[in-house]
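One structure is given here, and the rest of the page talks about it.
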Amino acid sequence: MTAIGLSNGDARIVVRPDLGAGLCAFDVYHDGVWQPILRSVDPATAHPFALSNILLLPFSGRVSGGGFALDGTFHSLPRNLETEPYPIHGNGFSAAWDVASRSTDAVTLTLSSEGPGPFCYAARMTYRLQGAGLVMELSFVNRAKIRLPYGAGFHPWFVREPDTTLRAPAGGVWLERSDHLPRAYEAIAAHPDMDFNSPQPLPARWINSWFDGWNGKARIDWPGRRLAADLKASEALRQYVVFSPAADADFFCFEPVTHPVDAFNLPGKPEAHGLTILGPGEGLTVSATIAAL
């Protein structure tokens, strides 16, 4: 286990290069004390889903049918977690990354991956503290000899308190089946407790849905702490996932992503749902900033 701590006096993070380049904490100095924006976890944790943020690449979400077809060829994807019946979130979140550079307020990590399935890529991830904020930039290049559909995203676990509200404009929402694959796409207006076009609390129930028509901007408020955070995502990240298991959970996930779950196998071509077809040597960069207020 190797954990790297960064601080600029206004914000601080803890990074685990050996566990998917994930985070164990993101705190800001507010009202004279350090306060968590993302949940704070044991820096020695061994499971990536117990972290504060993980990286989603070369795709996010689950993939059905054992893989996907492109250009007349079926590409198999293996299951990657014993508890999951489908492959989930690619492999970047569980791989060991190398530290390419490090300063007091920034760290850059790299990964060279063969797999999962047909994917072969080189990735670069930078975390940078900027005032009371965190900038995350992830880029990767297709090193396979064929063109493939790539996706990406960030998966942070934000602190959830009884008075927490979320604003994240969207037009529609994908609802999930019992196995967490897409069931139906419906208008936000049909689901008032998931309508985050104006600030409102998280639903007082299980929620695990993905939203589109997003403008890349969101705001989270913790009124009891007189604290808020603005999130801004790059152009490719125009969808998001909201997950929280119950009203009494101490976290919720707000995940900027490029595509919905199982975009590889939804009706139509993969690129119609946000995946990017990359030829050999082509790349994609996504970024997100979380700034405390």
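The values are calculated or read from the model by the stated rules, or taken from the named source; none is laboratory data. All figures in this text were calculated on a predicted structure; none of them were measured in a lab. Heads up, the Cβs are rebuilt from the backbone with ideal geometry, glycines too, and the neighbour counts pull from every protein chain shown. Only protein heavy atoms, including side chains, enter the accessible area calculation; ligands, DNA and RNA are left aside. Shrake-Rupley method; radii C 1.70, N 1.55, O 1.52, S 1.80 Å.
Tabulated values for the structure
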| quantity | calculated |
| --- | --- |
| Residue ID - farthest from the chain's Cα centre (by Cα), chosen from residues in the range 208-243 that are farther than 23 Å from GLN130 by Cα and either hydrophobic (A, V, I, L, M, F, W, C) or buried (at least 23 other Cβ atoms within 10 Å of the Cβ) (or both) | TRP214 |
| Scan of the range 258-293 for residues that are hydroxyl-bearing (Ser, Thr, Tyr) and open to solvent by less than 10 Å² (accessible area, probe 1.4 Å), ordered by number | THR258 |
| Subset of the range 96-115 [surrounded by fewer than 21 Cβ atoms within 10 Å (Cβ to Cβ) and outside any strand (DSSP E or B)] | ALA96, SER103, THR104, ASP105, GLY115 |
| Residue within the range 256-268 that is assigned to a strand (DSSP E or B), modelled with pLDDT of 95 or more and under 16 Å from ILE220 (Cα atoms) present | yes |
| Within the range 142-188, considering residues that are touching a residue at least 60 places away in the same chain (Cβ under 8 Å) and polar (S, T, N, Q), the one surrounded by the fewest Cβ atoms within 10 Å (Cβ to Cβ) | THR164 |
| Output for the range 74-103, where each listed residue is modelled with pLDDT of 95 or more and of a type in the set (S, T, N, Q) | SER76, ASN80, ASN91, SER94, SER101, SER103 |
| Qualifying positions in the range 192-243 - part of a loop (DSSP other than H, G, I, E, B) and hydrophobic (A, V, I, L, M, F, W, C) | PHE196, LEU202, ALA204, TRP206, TRP214, ALA236, LEU237 |
| Checking LEU81 against (1) touching a residue at least 60 places away in the same chain (Cβ under 8 Å); (2) within 20 Å of the chain's Cα centre (by Cα); (3) closer than 30 Å to LEU202 by Cα, the condition it does not meet | (1) |
| Counted residues, the range 46-90 - those being assigned to a loop (DSSP other than H, G, I, E, B), surrounded by 21 or more Cβ atoms within 10 Å (Cβ to Cβ) and polar (S, T, N, Q) | 2 |
| Search result, residues across the range 104-135 that are touching a residue at least 60 places away in the same chain (Cβ under 8 Å), closer than 24 Å to ARG12 by Cβ and either in contact with a Ser or Thr (Cβ under 6 Å, 6 or more places away or on another chain) or small (Gly, Ala, Ser) (or both) | ALA106, GLY131, ALA132, GLY133, VAL135 |
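Okay, residues lined up against (1) part of a loop (DSSP other than H, G, I, E, B); (2) more than 18 Å from PHE252 (Cβ to Cβ):
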{"position": "VAL14", "(1), (2)": "no, yes"}
{"position": "GLY20", "(1), (2)": "yes, yes"}
{"position": "ASP27", "(1), (2)": "no, no"}
{"position": "TRP34", "(1), (2)": "no, yes"}
{"position": "ASP42", "(1), (2)": "yes, yes"}
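Okay, residues lined up against (1) under 23 Å from ALA184 (Cβ atoms); (2) in contact (Cβ under 8 Å) with a residue 60 or more places away in the chain; (3) in contact with a helix residue (DSSP H, G or I) (Cβ under 6 Å, 6 or more places away or on another chain):
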site	(1), (2), (3)
ASP248	no, no, no
PHE252	yes, yes, no
PRO256	yes, yes, no
ALA263	yes, yes, yes
PRO267	yes, no, no
THR276	no, yes, no
PRO280	no, yes, no
